[in-house]
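S.K.: Just passing along the structure, written as structure tokens.
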Amino acid sequence: MGGFPDEALWNHVLSLARGRRVLVDHAASPGWTEPLPLAGDLTDLSFYPWPPENLRELALAHDVILVCGGNTANMLAIWRVHGFDAILREAWEAGVVLTGWSAGMICWFEAGVTDSFGSQLEGMPDGLGFLPGSACPHYDGEECRRPVYTSLVRGTFPPGLALDDGVAAHYVGTELREIVTNRPESGGYQVSRDGERSVPVRRLTC
């Protein structure tokens, strides 16, 4: 998801899952203390000061794993040192819905656009690689996102998908099934070295 989900978008995510048990990962933003205003049976996962001993069992026992926004590079480093990257792949292959916004969007791809290393935006080439290509959230929410991403892709950065805030991409396996949003003017875009192309969007209702 390009940004924090509204009610219609989150209900759509839950409709894709086999149940309503949601594991909320805060590794990208460890200082997050506020409960998320989202439906479902939410369980917080923290890696601080260390992850729970039953990390694998906890992940596989949930229907959705929701990754919050924050510092993508730090989050990936934490996941990898504790083996959570392999657990996430196992959960994905077992049918658990993997989702998230901002950092929780780009982490699934091979590469992404991030501000993990400072105030400037940079290309990060070492995502989890569950999904092919690159990704960029906040395409309409931050004025530098579009020019930075398109410039990267015109170079050596892999082409991929950009999403406006409030827009979600639904993948089945590694194939893009559809783009959905509840916002009338927001959309998704395939970005390549030849430029960007709007992707058809399905508008949700509450």
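The values are calculated or read from the model by the stated rules, or taken from the named source; none is laboratory data. No experiment lies behind these values; they were computed from the predicted model shown. All Cβ positions, glycine included, derive from the backbone under ideal geometry; neighbour counts span all protein chains shown. Side chains are part of the model used for accessible areas, which takes the heavy atoms of the whole protein and leaves out ligands, DNA and RNA. Shrake-Rupley method; radii C 1.70, N 1.55, O 1.52, S 1.80 Å.
S.K.: Just to confirm the filter: which GluC sites (Glu not before Pro) across segment 1-96 are DSSP coil and have at most 13 other Cβ within 10 angstrom of their Cβ? Can you show the working numbers first?
M.R.: Details: sites: 7, 53, 57, 90, 93; in loops: 53.
Loop-located and lightly packed - 53.
S.K.: Considering only the other residues whose Cβ falls under 15 Å of the Cβ of residue 168, what net charge follows from Lys and Arg at +1 and Asp and Glu at -1?
M.R.: Values: positive: 177, 183, 202, 203; negative: 6, 7, 140, 164, 165, 178.
Here the count lands on -2.
S.K.: Let me ask another. Amide H of residue 100: which non-local residues (sequence gap of 5 or more, or other chain) have their own amide H closer than 5 Å, using H built in the peptide plane?
M.R.: Counting only residues 5 or more places away or on other chains, the set is 67.
S.K.: Moving on. Which one, 165, 25, 85, has the greatest fluctuation when you compute a Gaussian network model over the chain with C-alpha springs under 10 angstrom?
M.R.: Ranking 165, 25, 85 by mean-square fluctuation puts 85 first.
S.K.: Let me ask something additional. Roughly how many whole Å is it from the C-alpha centroid of segment 79-145 to that of segment 156-178?
M.R.: Answer, in whole Å: 11.
S.K.: Please compute the contact order of the chain in relative form: average sequence separation of alpha-carbon pairs under 8 Å and at least six residues apart, divided by the residue count, as a percent. Show your work: numbers first, answer last.
M.R.: Working: 452 pairs, mean separation 41.7, N = 206.
Result for the chain is 20 percent.
S.K.: Using 1/(1 + (r/R0)^6) with R0 = 25 angstrom and r between the beta carbons of residue 89 and residue 143, what's the FRET efficiency to the nearest 0.05? Mind showing how you got there, number by number?
M.R.: Working: r = 35 Å, r/R0 = 1.39.
Taking R0 as 25 Å, the efficiency between residue 89 and residue 143 is 0.10.
S.K.: May I pose another question? Can you tell which of 155, 137, 127 lies farthest toward the positive end of the dipole of segment 126-165, using +1 and -1 charges on the Cβ of basic and acidic side chains (Lys, Arg; Asp, Glu)?
M.R.: Final value for the positive-end residue is 155.
S.K.: If you restrict to DSSP beta bridges whose two residues both lie in segment 1-154, what percentage is antiparallel, to the nearest 5? Walk me through the numbers on the way to the answer.
M.R.: Values: 3 of 19 bridges.
Approximately 15 percent, going by the DSSP bridge assignments.
S.K.: With Cβ to Cβ distances under 13 Å as the rule, what net charge do the other residues near residue 202 carry (K, R +1; D, E -1)? Intermediate values should be presented prior to the final figure.
M.R.: Values: positive: 177, 183, 203; negative: 178.
Cβ neighbours under 13 Å give a net charge of +2.
S.K.: What 222 nm value per residue comes from the helices of the chain, counting each DSSP H run with n ≥ 4 as -39,500 (n - 2.57) and dividing by all residues, nearest 500 deg cm²/dmol? Write out the running numbers ahead of the final one.
M.R.: Details: 6 runs with 50 residues, N = 206.
So the calculated ellipticity at 222 nm is -6500 deg cm²/dmol.
S.K.: Same structure, new question: Given H placed on each backbone N at 1.01 Å, which residues far from residue 178 in sequence or on other chains put an amide H within less than 5 Å of it?
M.R.: Here the answer is 170, since their amide H atoms fall under 5 Å of that of residue 178.
S.K.: Counting heavy atoms of the protein chains only and a 1.4 Å probe, report the per residue accessible area for the chain as a whole number of Å².
M.R.: Counting only protein heavy atoms, the per-residue value for the chain is 46 Å².
S.K.: Using a Förster distance of 35 angstrom, determine the FRET efficiency expected from the C-beta separation of residue 57 and residue 4, and round it to 0.05. Don't jump to the answer; show the numbers that get you there.
M.R.: Details: r = 29 Å, r/R0 = 0.82.
Computed FRET efficiency for residue 57 and residue 4 comes out at 0.75.
S.K.: Let me ask something else. Distance in nm between label sites at residue 177 and residue 20, each 7 Å beyond Cα in the beta-carbon direction?
M.R.: 2.0
S.K.: Another question about this same structure. Pull out a ≥ b ≥ c, the square roots of the eigenvalues of the alpha-carbon gyration tensor of segment 1-118, then state rounded if a/c is under 1.5, prolate if not and a/b is larger than b/c, and oblate in the remaining case.
M.R.: On the way: a/c = 1.39, a/b = 1.13, b/c = 1.23.
Note, shape of segment 1-118 comes out rounded.
S.K.: Then there is this: Just the number, please: percent antiparallel of the DSSP beta bridges in segment 106-182, rounded to the nearest 5. Don't skip to the end; give the middle numbers.
M.R.: Working: 9 of 15 bridges.
If we restrict to bridges inside segment 106-182, about 60 percent are antiparallel.
S.K.: Over all distinct Cα pairs, what is the inverse of the mean 1/r for segment 43-174, reported as the Kirkwood hydrodynamic radius in Å?
M.R.: Numbers: mean 1/r = 0.0656 Å⁻¹.
This gives a value of 15.2 Å.
S.K.: Please work out how much accessible surface residue 48 shows to a 1.4 Å probe, ignoring ligands, DNA and RNA, in Å² rounded to 10.
M.R.: Number for this one is 110 Å².
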